[in-house]
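One structure is given here, and the rest of the page talks about it.
The values are calculated or read from the model by the stated rules, or taken from the named source; none is laboratory data. Predicted model, so just to flag it, every value in this text is computed and none were measured. Here the Cβ is made from the backbone with ideal geometry for all residues, glycine too, and neighbour counts use every protein chain on show.
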Amino acid sequence: MAANAVQIREEDLQRWKLLPPFVKALQEALAECGGAGGTWEDSRRQLQLSEYLSLFLFGLFNPVVKTMRGLCAATAFERVQQEVSGRTVSLGSFSEAQALVEPALLEAVFGRLAQQVPPDAEPLAGLTGRELRVVDSTVWKVLPRMAWAFWREKGGSRAGPDAAIRLHLHFDLHRQQPHWGEVTPAKVCERAHWREHAEPGVVHITDRNYSNNYGQLREMQAAGVDFLARLAIDTQWVLESEEPLSPADRAASVVWAGTVRLGKNGDGPRVRVIDILGEEEHILLVTSLSAEQLPPELAATLYRHRWKIEMFFRWLKCILDCRHWMAESPRGVAIQVYLALIAALLLVMFSGKRPNLRQMEAIQFFTLGWASAEEAAAQVARYAPKQKKA
C-alpha cells in the first residue's frame, strides 16, 4: 500500500458515506455548464437529476440489487428515501431519466473526482514530469435485443447475433486510477479511437493490437504523440543503427535495441525497437522516444506496468460486479459504466486503495447490517495487501 493510503477504521465505517462527495462534484459540474437543462428544470418534475444518479450509483454499491425494477422497488424503504432517492421512484420515471442525462456530464464529474486522488507512486526515474497512461479497452456482452450494440454473428450451434459494448480507457500510472474513458459499441476500432483521443506530451503504453498500423504510428509521431507499444513477434524492419546495452539493460532482460524503419521494405515510420526476453517468449517493444528519453531498461520496466489496467478491468467486472445492466439504451449503458468508474474513484478516496474481494464483502456486510463497524474494519485490515519491504 502506498505511503499516502489510508486504512479503513471503525470510525470511518460508522460514517460510511460515498454519495455526498459524488453529489458535490455533480453540483460543481452542473454549475460550470449552466445547469441540467431540459425538463430537469420543469417544476412539475419530482425525480431530480442528483436523486436519479445517486440511486443508480447506490445500485452499483448494493450487492442485493441487480435490476432496474429491483432498484426502484428499494426506494419504498424509508432509509433509501432519506439517504439516496428522496422519494419513491417508479420504474417509468427511472427509465425515462436515462434519456435526459448527457454522458459528458458524468465525464466531467469523473474528471473532478479523479483530480482529488493523490499520486499513488513516484514517477519512474528518467520520466519525471511526463504523464504515463496505459491505453486499452475491454468488452462486455449485452442482451441480443440491444440491437444498437450489434457486434458480429456467432457461428456453430450458437449461430445468431452477438451484441457487446466496449470501454476505451486511459489509465494514469502515477495515480493508479483511470484517467478518462468512453463507452462505444464493441465494433468501434481500438486503434482508431486511440488516434482520435491521444494527447501530445503524454506517453501512451499499449499492447500489440495498437501497433500493427504503421501509417497510424507515423501520424502519431508527426502529431507529437509519444508511445511505447508491443509489436507482433513476426514484425519485419530495416535496421538503421544498433544501441549498445548497459549492464542495467541486460539485468532487465533486454537482449537487443536499435533504431529501425518498420516494414519489410523499410517504408514504415522510423522508431526504436527493444527486444526483451520474457518468461515464455521474446517481447518486442516499439517506441517513439529516443534512447536518452527512454533507455531500454526503463522501457522494459515501464511496459511491465501495463498489466495494471488489466487488473482494473477485472476489478470493475468481478469485484464491483458491473455485469448486470440496469438500462438497455446506448445512453443508459454509458451512464452505468461512467458511474462504475466513479464508484471506483469514490472507494479509493474513502479507503486509499480499491478494496479487494474480501474487503468489499466486509464493507457490504456492514452496509447490510450483518457486521458491526468494528468487525468490518477488522476484516478489511485482515485482508489488506501486504506491504512490500523496501
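Can you list the strands (runs of 3 or more DSSP E) found entirely within the stretch 131-206 that contain at least 1 residues being over 23 Å from Tyr303 (Cβ atoms) and out of contact with any Ser or Thr (no Cβ under 7 Å at 6 or more places or on another chain)? Steps first, please.
On the way: elements: 131-141, 150-154, 160-172, 177-185, 202-206.
In the stretch 131-206, the matching strands (runs of 3 or more DSSP E) lie at 131-141, 150-154, 160-172, 177-185.
Working only within the stretch 306-362, note down all residues that are of a type in the set (S, T, N, Q), in a helix (DSSP H, G or I) and more than 21 Å from Gly70 (Cβ to Cβ). Explain how you work it out, then say what you get.
Just the residues of the stretch 306-362 that are of a type in the set (S, T, N, Q), to begin with: 329, 336, 351, 356, 359.
After this cut, where a residue has to be in a helix (DSSP H, G or I) as well, the list is 336, 351, 359.
If the condition is that a residue be of a type in the set (S, T, N, Q), in a helix (DSSP H, G or I) and more than 21 Å from Gly70 (Cβ to Cβ), then Ser351, Gln359 are the ones that fit.
Is it the case that some residue within the stretch 349-363 is more than 27 Å from Glu107 (Cα to Cα), of a type outside the set (S, T, N, Q) and surrounded by 15 or more Cβ atoms within 10 Å (Cβ to Cβ)? Lay out the reasoning, then the answer.
So in the stretch 349-363, the residues more than 27 Å from Glu107 (Cα to Cα) come out as 358-359, 361-362.
Adding the requirement that they be of a type outside the set (S, T, N, Q) leaves 358, 361-362.
Remaining after also requiring surrounded by 15 or more Cβ atoms within 10 Å (Cβ to Cβ): 361-362.
Looking for residues that are more than 27 Å from Glu107 (Cα to Cα), of a type outside the set (S, T, N, Q) and surrounded by 15 or more Cβ atoms within 10 Å (Cβ to Cβ), one finds at least one in the stretch 349-363, hence yes.
Taking the options Gly266, Gly215, Gly224, name whichever one is closer than 20 Å to Glu190 by Cα and assigned to a loop (DSSP other than H, G, I, E, B).
Details: Gly266 fails: closer than 20 Å to Glu190 by Cα; Gly215 fails: assigned to a loop (DSSP other than H, G, I, E, B).
One residue alone meets the criteria, Gly224.
Taking the stretch 15-51 only, how many residues are modelled with pLDDT under 80 and either surrounded by 14 or more Cβ atoms within 10 Å (Cβ to Cβ) or among the hydrophobic types (A, V, I, L, M, F, W, C) (or both)?
Result for the stretch 15-51: 4.
Go through (1) over 30 Å from Gln176 (Cα atoms); (2) in a strand (DSSP E or B); (3) touching a Lys or Arg at 6+ places or on another chain (Cβ under 8 Å) and name the single condition Ser241 misses.
Of everything listed in (1) over 30 Å from Gln176 (Cα atoms); (2) in a strand (DSSP E or B); (3) touching a Lys or Arg at 6+ places or on another chain (Cβ under 8 Å), Ser241 misses just condition (3).
Every residue in the stretch 295-321 that is over 19 Å from Gln176 (Cβ atoms) and either small (Gly, Ala, Ser) or at pLDDT below 90 (or both), please. Walk me through it before giving the result.
Restricting attention to the stretch 295-321, the residues satisfying the condition of being over 19 Å from Gln176 (Cβ atoms) are 295-297, 299-300, 321.
Hits for the stretch 295-321 are Ala299, Ala300, Asp321.
Could you look through the stretch 75-116, keep only residues that are among the β-branched types (Val, Ile, Thr) and in a helix (DSSP H, G or I), and pick out the one that is nearest to Gly34 (Cα to Cα)? I'd like the intermediate steps shown before the answer.
If we filter the stretch 75-116 for residues that are among the β-branched types (Val, Ile, Thr), which is where we start, we get 75, 80, 84, 88-89, 101, 109.
Within this subset, residues satisfying the condition of being in a helix (DSSP H, G or I) are 80, 84, 109.
On the way: Val80: 29, Val84: 24, Val109: 14 Å.
Filtering first and then ranking leaves Val109.
Among the residues of the stretch 100-120, which ones are touching a Lys or Arg at 6+ places or on another chain (Cβ under 9 Å) and of a type in the set (Gly, Ala, Ser)?
Correct list: Ala114 only.
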